[in-house]
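In what follows, a single structure is set out as structure tokens and then discussed.
The values are calculated or read from the model by the stated rules, or taken from the named source; none is laboratory data. Keep in mind that what you see is a predicted model, and the values were worked out from it rather than measured. Cβ sites come from the backbone with ideal geometry, for glycine too, and all protein chains shown count toward neighbours. In case anyone asks, the SASA skips ligands and DNA or RNA and just uses the protein heavy atoms, side chains included. Shrake-Rupley method; radii C 1.70, N 1.55, O 1.52, S 1.80 Å.
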Amino acid sequence: MRRFSRIHREESGIAMIVAMMVVFVVVLLSIVILDLSIHNVDQAAYDRKRVTSVAASEGGIDRAWNLVQYTRPENLPCASPDTGTLGSAPGPAEYSASYVWYDSTGIALTCPLSQLNVPSAVLVTSTGTTNAGVPRTMQAYMTLQPTLGGFDAAVIAVQNTTFNNNFAITGSQGNNGDIYITNGNLTVTNTPNIYGNVYVHNGLVTMTNNNRIIGNLWANGSVSIDNPASVTGKAISSTSSISGNGSIGGDATAGTTIATGLSVGGTRYANSPQGPPPTQVFPLLCQVAIAGVCNALPWTGYTLHTFTGASACTSARTFLLTGTLTGDHVVWINQVCDLAIANNDSINFTGNLAIVGQGGVTMNNQNNWNGAVGKNLYFISNYRTGLNCASGSYNISTGNNSNFSNAHVFFYSPCTVTLNNQNDFTGQVIGDSVVINNHFTLNAIPVVVPGAGDIVGFQQSIVYIREVRS
């Protein structure tokens, strides 16, 4: 009995030890479970950041597609990356997209890009981060095809240009009926209203009578503005004076003096010479390619009608009056002659119509050109080197009542374009010399000439898109 009692006393307290061991095991399991939970939370947060970083890097690729499609080459990112921020949880996500541009042979181009330094392909590498960490990188390789836009001006002329009497040049998007005179003087008389900027790159400007430039005027030479002529914006003479007694709504800046009789709404900056104003390169539109000068206009998708010989212009006129002009057509007059559009002639067409000749076009009195909305009508005198404008018929002129319905109209001559009375159309005028006469309205809008004009963006073909190591 005594032994049993001793043994029993020796086993006393074992329950507490077991309880403590159980508690220890529970605490240990709790710690493990807590650690796993923290790990899982951290892993989930990291995974979320990785997904967000991937989305950010893809955002950089999407941004690249948009930029390349709608941006002129000179404005595309080249030496510096394009960056952006996405407002995503769990934190701000950012991308940095670098561009490597290639020519048609696969050689990387040097920066900057331009209208003459044009890429044929691009490799975009976009790295996305979240909270400045967890980088993920996507790459896309695209081949590019230039998209050509219209020439960015209402009127482009090379030589001395005169605007007479009562006419108006308006813009299609605000006051963007811009005029460029690249190598001559501009004389504006009577009551023209020009809703755009006027740039005279290498000449002077004379404004008389009641005419207005609703925009800026900038000439390399002198500027003369006589009352009641006015410029609503700024007036600049890069190297000479601003004279007269008219009005300038904005600042007046001259290389030398500014007349005290001028009404200037802004600040006068006399004796402030500067470089010449912006200019436009006179386009060389060739139906027949000239090696090293210009490529032939492609007219892809157009039906070509060629007229040659002594009766080329007569036959072309007959075709325009009697032919079926559905779809897109090019009337190519491969003969130096004058296409004479007679009084009461009516030409109907439902697609784009291009009249291209080695000579010129003369429209007499009233004639009607009835097109379709959204289509283009082209009058182009073929460019060639060494042309003597006095040696033949190379000019283009409208009649006193030439009517252009629905279609946008594009006039081009390496000699003179004359727009006469009672004309009203939407389009552009480009000539070595441009003459605009009475009661005329031009609503300026760029007209795309196939194979010509500035590059305004690129069509893209995606070769691959992939994730790469950051």
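Scanning the stretch 46-83 for residues that are over 26 Å from T110 (Cα atoms), in contact with an Asp or Glu (Cβ under 7 Å, 6 or more places away or on another chain) and open to solvent by 30 Å² or more (accessible area, probe 1.4 Å) yields nothing. Any residue in the stretch 79-102 that is farther than 17 Å from S470 by Cβ and polar (S, T, N, Q) sitting within a Cβ distance under 6 Å of a residue that is at pLDDT below 95 and surrounded by 15 or more Cβ atoms within 10 Å (Cβ to Cβ)? List the pairs, counting only those 6 or more apart or interchain. That search, which allows pairs on different chains as well, returns T85/P92; T85/E94; S88/T52. I'd like the residue in the stretch 307-344 that is touching a Leu at 6+ places or on another chain (Cβ under 8 Å) and part of a loop (DSSP other than H, G, I, E, B) and, out of all such residues, is most open to solvent (accessible area, probe 1.4 Å). Filtering first and then ranking leaves D328. Take the residues of the stretch 191-202 that are part of a loop (DSSP other than H, G, I, E, B) and free of Cβ contacts under 8 Å to residues at least 60 places away in the same chain: which is most open to solvent (accessible area, probe 1.4 Å)? It comes out as Y195. Within the stretch 205-232, the residues that satisfy the criterion of being closer than 18 Å to I436 by Cβ and either free of Cβ contacts under 8 Å to residues at least 12 places away in the same chain or open to solvent by 10 Å² or more (accessible area, probe 1.4 Å) (or both) are T206, T208, N209, N210, R212, I214, G215. Among the residues of the stretch 138-157, those identified as more than 17 Å from the chain's Cα centre (by Cα) and crowded, with 20+ Cβ neighbours inside 10 Å are M138, A140, M142, A157.
I'd like the full set of residues that are surrounded by fewer than 24 Cβ atoms within 10 Å (Cβ to Cβ) and under 30 Å from the mean Cα position of the chain (by Cα), limited to the stretch 387-408. So that I can check it myself, show each step before the final result.
First, pick out the residues of the stretch 387-408 that are surrounded by fewer than 24 Cβ atoms within 10 Å (Cβ to Cβ): 387-393, 395, 397, 399-401, 403-406.
N395, S397, N403, F404, S405, N406, listed by residue number.
Per-residue answers, yes or no, for (1) open to solvent by 20 Å² or more (accessible area, probe 1.4 Å); (2) within 30 Å of Q280 (Cβ to Cβ); (3) of a type in the set (S, T, Y):
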position	(1), (2), (3)
T85	yes, no, yes
V100	yes, no, no
G106	yes, no, no
L109	yes, yes, no
P112	yes, yes, no
L123	yes, no, no
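Checking V435, V456 one by one, the residue that is in a strand (DSSP E or B), open to solvent by 10 Å² or more (accessible area, probe 1.4 Å) and farther than 26 Å from G149 by Cβ is V435 and no other.
Taking (1) farther than 30 Å from T147 by Cα; (2) open to solvent by 70 Å² or more (accessible area, probe 1.4 Å); (3) part of a loop (DSSP other than H, G, I, E, B) in turn, G292 satisfies each apart from (1). Checking the condition under 29 Å from L284 (Cα atoms) and charged (D, E, K, R), which residue from D226, D178 passes? After ruling out the rest, the residue left standing is D178. Taken residue by residue, the stretch 364-384 has at least one member that is open to solvent by less than 10 Å² (accessible area, probe 1.4 Å), part of a loop (DSSP other than H, G, I, E, B) and in contact (Cβ under 8 Å) with a residue 24 or more places away in the chain. For the stretch 244-267, the candidate set comprises residues that are farther than 16 Å from W218 by Cβ and either assigned to a strand (DSSP E or B) or of a type in the set (D, E, K, R) (or both); within that set, the residue that is most open to solvent (accessible area, probe 1.4 Å) is S263. Taking residues in the stretch 333-349 that are over 22 Å from Y383 (Cβ atoms) and at pLDDT 95 or above, and partners anywhere that are aromatic (F, W, Y) and assigned to a strand (DSSP E or B), the pairs with Cβ atoms closer than 6 Å and at least 6 places apart or on different chains are I347/W369.
So if I check each of P277, P273, which one is open to solvent by less than 10 Å² (accessible area, probe 1.4 Å), touching a residue at least 24 places away in the same chain (Cβ under 8 Å), part of a loop (DSSP other than H, G, I, E, B) and over 30 Å from H329 (Cβ atoms)? Give the derivation first.
Numbers: P273 fails: open to solvent by less than 10 Å² (accessible area, probe 1.4 Å).
Step by step, each of P277, P273 is checked, and only P277 is open to solvent by less than 10 Å² (accessible area, probe 1.4 Å), touching a residue at least 24 places away in the same chain (Cβ under 8 Å), part of a loop (DSSP other than H, G, I, E, B) and over 30 Å from H329 (Cβ atoms).
Does S172 satisfy being among the small types (G, A, S) and crowded, with 17+ Cβ neighbours inside 10 Å? Give the steps one after another, and end with the answer.
Numbers: among the small types (G, A, S): yes; crowded, with 17+ Cβ neighbours inside 10 Å: no.
Spelling it out, it is not the case that S172 is among the small types (G, A, S) and crowded, with 17+ Cβ neighbours inside 10 Å.
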